[in-house]
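None of the figures in this text is laboratory data; all of them are computed from the coordinates on show. Predicted model only: the values in this text are computed from it and were never measured. As a convention, Cβ positions derive from the backbone with ideal geometry for all residues, glycine included, and neighbour counts pool all protein chains shown.
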Amino acid sequence: MRVFAVAEINFGELDPVSVELLNLANTIKGDGSAEAVVIGSSISSHAEKLAKYADKVWKIEDASLENYNPELYVDVLLQLFQKEKPDVVLIANSSRGSEYAPLLATKLNAPIVTDIVGLDVSDGVKATRYIFQGKLLVDVLVKQADTYVFTVRQGVFKEEKQASGEVVDAGIKPSVTPKREFSQIIEPEAGEVDITQADIIVSVGRGIEDASNIELAEELAELLGGVVAGSRPVIDNGWLPKDRQVGISGKTVKPKLYLALGISGAFQHIMGMKDSELIIAINKDPEAPIFGVAQYGVVGDIFEVVPALIDKLREIKG
């Protein structure tokens, strides 16, 4: 199977989801190939990085592609796919991917499934995704087609497979004049960390009680070499920025350690962290759903347990 992963570049930087797309591509390609497509201006370094995970990297480079435009993206991708036919096209389920993927699928006359968290091509094509705001996980059997398009949830496919692919200049330039033009980039307020890339996450829930108590979690995270995140009530109260939210309406994370402090474990939150390698939960309620996914649990007050844990870590570190 020939699988193409369309890389995503934000503010001149290669988004980590680009590698995740290739991780999935390598999983399903069989005897075929995992190929990346990089679109932009001055993108050689990005192409070289992706070549470590792909069998081939197609570089589509032009000054007019410096800033994202859905019409130009679809135009150059169609030109490439007319010459190099894909079986599967993988695109990030980001704001831009969600915009141009349906248009691309229409032009390719291809079925599309969005926001997938699993893909099986061993017997037909079956995509896995959440529905009803994450309350149900379903398998979508996709009708047989020459090409399939999928948008992929970030933070799910992190198991890397190294490769040594070649970088090929596709020799493609935009052939259309877009109806809209780039004006300016209004950057969002910069976040301090990207929780999807963190190996250790100390996550706080409603049990933290007040914004001033976030310092306790930050102290613990610093000792562990991790970052602080939170459940939706914490973000809704403004105690942590939106980019720290874990869950269906936030980000999906798969750290080596997920330490949940005062998080009851609503379904929407659990779906965003359940695949963490090690989950430790501390909660006063012995019936809290978070204990159902945690490998280790402590039934207790976080304001008693966490300070004791901090003291012990300081003792160990000397």
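Treating the beta-carbon of each Lys and Arg as +1 and of each Asp and Glu as -1, no other charges, what is the dipole magnitude of the chain about its Cα centre, to the nearest 20 debye?
On the way: 32 positive and 47 negative charges, 182 e Å.
Approximately 880 debye in magnitude.
Between Asp236 and Asp31, the C-beta separation translates, for a Förster distance of 51 Å, into a calculated FRET efficiency of about 0.55. If the segment from Leu137 to Leu223 were pulled out straight at 0.36 nm per residue, it would be longer than the present Cα-Cα gap by 27.3 nm. Among beta bridges identified by DSSP and lying wholly in the chain, the antiparallel ones come to about 20 percent.
Taking 1.567 mPa s as the viscosity and 4 °C as the temperature, the Stokes-Einstein diffusion coefficient of segment 229-311 based on its alpha-carbon Kirkwood radius rounds to 101 µm²/s. If the elastic network links every pair of Cα atoms under 10 Å, which of Ser203, Ser42, Ser95 fluctuates the most in the Gaussian network model of the chain? Highest fluctuation of the listed residues: Ser95.
Can you tell me which of Ile263, Ile186, Ile172 moves the most in a GNM of the chain? Springs connect C-alpha atoms under 10 Å apart. Of Ile263, Ile186, Ile172, the Gaussian network model singles out Ile186 as fluctuating most. How many lysine pairs does segment 195-317 hold where the Cα atoms are under 25 Å apart and the two sit 8 or more places apart or on different chains? Value for segment 195-317: 13.
Please state the shape class of segment 169-299: rounded when a/c is under 1.5, otherwise prolate if a/b exceeds b/c and oblate if not, all from the C-alpha gyration tensor. Taking the square roots of the gyration eigenvalues as a ≥ b ≥ c, segment 169-299 is prolate.
Think of the chain as a dipole: +1 on every Lys or Arg Cβ, -1 on every Asp or Glu Cβ, centred on the Cα centre; then among Ala217, Ile172, Ala294, Ile172 lies furthest on the positive end. By the rule of a C-alpha distance below 27 Å, with chain neighbours fewer than 8 residues away ignored, the lysines paired with Lys107 are Lys29, Lys56, Lys59, Lys83, Lys85, Lys126, Lys143, Lys173, Lys179. Here segment 2-169 is treated as a sphere whose radius is the Kirkwood value from Cα pairs; by Stokes-Einstein at 4 °C and 1.567 mPa s it diffuses with a coefficient of 82 µm²/s. Each pair of Cα atoms in the chain enters the Kirkwood radius, and Stokes-Einstein at 4 °C and 1.567 mPa s then converts it into a translational diffusion coefficient of 61 µm²/s. Remark: spin-label model distance Thr106-Ala211 equals 4.3 nm, labels positioned 7 Å along the Cα→Cβ axis.
Partners of Lys52 within straight-line reach, counting aspartates and glutamates whose Cα lies under 13 Å from its Cα and excluding those fewer than 8 residues away in the same chain: Glu20, Glu35, Glu160, Glu166. Each of Tyr130, Tyr73 has some number of other Cβ atoms within 10 Å of its Cβ, and from fewest to most they run Tyr130, Tyr73.
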